[in-house]
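Working notes, beginning with the structure itself.
Any read-out appearing in this document is the output of simple, stated calculations on the displayed coordinates, not a laboratory observation. Nothing here was measured: the structure is a model prediction, and the numbers come from that model. When we count neighbours, we look across all protein chains shown, and the Cβ atoms used for this are built from the backbone with ideal geometry, even at glycine.
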Amino acid sequence: MRYGENSHQQAAFYIEENVKEASVATATQLQGKALSYNNIADTDAALECVKEFNEPACVIVKHANPCGVCRQRLDS
């Protein structure tokens, strides 16, 4: 990780073995600089929120708090 909760702090990211479900730990970063603790916390909060929905959904997160959520309306 680039740094901990604050830029002067060190951090580590531990991953459980044999995790099958979607998680930040099983994701692949495609580009950009290394993530910080706050980046990972925000990403995890967003993913866990979206996983609550059965239909496609999107969430905006700041400081691990969802501040905007939407989902696809399924018309019958």
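For the range 17-27, how many residues meet the condition of being assigned to a loop (DSSP other than H, G, I, E, B) and either basic (Lys, Arg) or under 12 Å from the mean Cα position of the chain (by Cα) (or both)?
4
Can you pull out every residue in the range 32-57 that is over 21 Å from GLU5 (Cα atoms) and over 12 Å from the mean Cα position of the chain (by Cα)?
GLU52, PHE53, ASN54, GLU55, PRO56, ALA57
In the range 36-59, what count of residues is obtained for those that are of a type in the set (Val, Ile, Thr) and without any contact (Cβ under 8 Å) to a residue 12 or more places away in the chain?
Number of matching residues: 1.
When you scan the range 10-33, how many residues do you find that are touching a residue at least 24 places away in the same chain (Cβ under 8 Å) and surrounded by 10 or more Cβ atoms within 10 Å (Cβ to Cβ)?
Here the count works out to 4.
Any idea how many residues of the range 60-76 are under 21 Å from ARG2 (Cα atoms) and either in contact (Cβ under 8 Å) with a residue 40 or more places away in the chain or not in a loop (DSSP other than H, G, I, E, B) (or both)?
2
Only one of these conditions is not met by SER23: (1) out of contact with any Asp or Glu (no Cβ under 9 Å at 6 or more places or on another chain); (2) within 30 Å of ARG73 (Cα to Cα); (3) of a type in the set (Gly, Ala, Ser). Which number is it?
Evaluating SER23 over (1) out of contact with any Asp or Glu (no Cβ under 9 Å at 6 or more places or on another chain); (2) within 30 Å of ARG73 (Cα to Cα); (3) of a type in the set (Gly, Ala, Ser) leaves (1) as the failure.
Filter the range 58-71 down to the residues that are under 12 Å from the mean Cα position of the chain (by Cα) and β-branched (Val, Ile, Thr) and list them by number.
Matches in the range 58-71: VAL59, ILE60, VAL61.
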